[in-house]
1. Given a Förster distance of 35 Å, report the FRET efficiency between F59 and S166 from their Cβ-Cβ distance, rounded to the nearest 0.05.
2. Build a GNM of the chain with springs between Cα atoms under 10 Å: which of P185, P228, P38 gets the top mean-square fluctuation?
3. Where nothing but the Cβ of Lys and Arg (+1) and of Asp and Glu (-1) is charged, how large is the charge dipole of segment 76-137 around its Cα centre, in debye to the nearest 20?
4. Which ³J(HN,Hα) values in Hz, rounded to whole numbers, follow from the phi angles of segment 60-73 under the Karplus curve 6.51 cos²θ - 1.76 cosθ + 1.60, where θ = phi - 60° and Gly and Pro get x?
5. Just flag the trypsin sites (Lys or Arg not before Pro) in segment 142-181 sitting in loop per DSSP whose Cβ has no more than 15 other Cβ atoms within 10 Å.
6. Please list 3J(HN,Hα) in residue order for segment 126-140, calculated via the Karplus relation 6.51 cos²θ - 1.76 cosθ + 1.60 where θ = phi - 60°; whole Hz, with x for glycine and proline.
7. Mind listing the long-range amide H neighbours of S191? Cut-off is under 5 Å, sequence gap 5 or more, other chains count too, H placed in the peptide plane at 1.01 Å from N.
8. How large is the charge dipole for the chain, taken about the Cα centre, if only the Cβ atoms of Lys, Arg (+1) and Asp, Glu (-1) carry charge, to the nearest 20 debye?
Amino acid sequence: ALAASAAQAQTSNDHLVDLLQKPGSAGLGFVARVEQSPYEGGDVRTDLLPLYLYEGERFYLSADRAGFKLIAQDAQRMDFYLARRLEGFPQDEVDRELEGMAYREVGVDLGLGYRITGEWGSVRTALLHDVGDISNGSEIRVGYSYDFQGARWVLRPDLTLSWRDSKLNNYYYGVELDEVEADRPAYEPGSGINVSLGLYGSYQVWDNWRLLGGISAQWLDQSIRDSPIVRDQVQPALFVGAVYDFG
């Protein structure tokens, strides 16, 4: 229910969950997320989201993803999964600049991901397509991260590039003809590439308790920033949370 209320969120908990993943483990906790809305008139949003994780030999589950591991090795992993797309704006809190526009819903993506890891870091790629008949759009993500590790802590800088097709961008950031107003012309952003840069970490306080944190910034493609409903600014986000690992 808490995750469903975060329709305006643009980022997920994937990076924090990745820090906790290890075969045969299960965890339960929470994450407080603070981020700037990408929409004109939108303010800073704060959400308290559940963070749970089950990591089996083949099946895994988290707050907004469930999947099956096609390949599960130390050096490489391939996943087939369903994930919630936490984009859009909430129906019950429409800002003045968005009045008269149809509600943009949270989507459901079918994804295929692959990750290879070595001493040099980790490279991952994912292909996602909306199967919830929301946007019918697709996205390709490519990312790189590197782990700095201590006895109790992990610090992970991350760079992600996301190519989004026109259907996906038009649904969340376009303006349809029946939504046009004097200061809001019709607009179709088309496809483009978003860039995200983040720093994420975890610290083991006790044997089973971990503190989590992260900060990120997203640069939307120029075609999205040119939309009359989008603010032309970097989209920052902050994450703070804790999780109990049942082992």
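1. Calculated value: 0.55.
2. P185
3. Roughly 460 debye, rounded to the nearest 20.
4. Per residue, the Karplus-derived 3J(HN,Hα) values read 9, 8, 9, 4, 10, 8, 9, x, 10, 8, 6, 10, 9, 10 Hz.
5. Numbers: sites: R152, R164, K167; in loops: R152.
Passing both the DSSP loop test and the Cβ count: R152.
6. Running phi through 6.51 cos²θ - 1.76 cosθ + 1.60 with θ = phi - 60° gives 8, 10, 10, 9, 5, 10, x, 6, 9, 9, 6, x, 10, 8, 10 Hz.
7. So S191 has HN proximity to S166.
8. Taking the Cα centre of the chain as origin, the dipole is about 1120 debye.
The values are calculated or read from the model by the stated rules, or taken from the named source; none is laboratory data. Small disclaimer: the values here were computed from a predicted structure and weren't measured. Methodologically, a virtual Cβ is constructed for each residue, glycine included, from the backbone with ideal geometry; neighbour enumeration extends over all protein chains shown. Please note that ligands, DNA and RNA were not included when accessible areas were found on the heavy atoms of the full protein model with its side chains. Shrake-Rupley method; radii C 1.70, N 1.55, O 1.52, S 1.80 Å.
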